[in-house]
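*Asks:* Questions regarding the structure given below will be posed in turn.
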Amino acid sequence: MHEPDDDGREAALREEIEQLKTALESRAVTDQAIGVVVAYGRLPSRQGREVLVEVSQHTNTKLREVAAHLVQWPMCAWLPPEIRTALDAALQRRAPSTRPEEPPPDSCP
């Protein structure tokens with residue numbers, strides 16, 4: 001037989017599980033978006049997250065929303081103009097000293 005307190009704990013645990021699932025999904029999309037930024041901007045991976053955060057802050061858009069747009073961008077060939085402008089500006093601030101124009105020799109198979 002369930003005690004009333006057990007029902008409350010069960011509900012709290014179910015809610016926590018849902019929150020953890022959402023966090024994992026959000027993290028996966030964020031990681032994919034970092035990959036898009038790294039490929040598009042030809043940046044080291046550590047700078048990809050910095051750019052993503054900067055775009056989020058400059059557009060006043062939640063990081064997960066910016067990430068979702070960036071992940072879909074290669075497939076739909078469209079990015080909201082404010083995100084594209086902020087992305088290009090963030091990448092420009094990192095050029096040319098931290099963004100190589102050409103990949104190093106033998107970096108790709």
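Derivation of every value follows stated rules applied to the coordinates shown; laboratory data play no part. These numbers were taken from a predicted model, which means no experiment stands behind them. Because the Cβ atoms are built from the backbone with ideal geometry, glycine has one as well, and the counts that use them run over all protein chains shown.
*Asks:* Would you be able to say whether some residue in the stretch 17-26 is charged (D, E, K, R) and either in contact with an Asp or Glu (Cβ under 9 Å, 6 or more places away or on another chain) or within 15 Å of R84 (Cα to Cα) (or both)?
*Replies:* Taking every residue of the stretch 17-26 in turn, none turns out to be charged (D, E, K, R) and either in contact with an Asp or Glu (Cβ under 9 Å, 6 or more places away or on another chain) or within 15 Å of R84 (Cα to Cα) (or both).
*Asks:* Select from the stretch 83-95 the residues that are under 16 Å from the mean Cα position of the chain (by Cα) and of a type in the set (D, E, K, R) and list them in ascending order.
*Replies:* Those that are under 16 Å from the mean Cα position of the chain (by Cα) and of a type in the set (D, E, K, R): R84, D88.
*Asks:* Oh, and also: Identify, please: which residue in the stretch 44-78 is outside any helix (DSSP H, G or I) and touching a residue at least 12 places away in the same chain (Cβ under 8 Å) and is, among those, nearest to T30 (Cα to Cα)?
*Replies:* It comes out as T61.
*Asks:* Restricting attention to the stretch 1-57, and to residues there that are among the polar types (S, T, N, Q) and more than 14 Å from R94 (Cβ to Cβ), which single residue is surrounded by the most Cβ atoms within 10 Å (Cβ to Cβ)?
*Replies:* Here the answer is T30.
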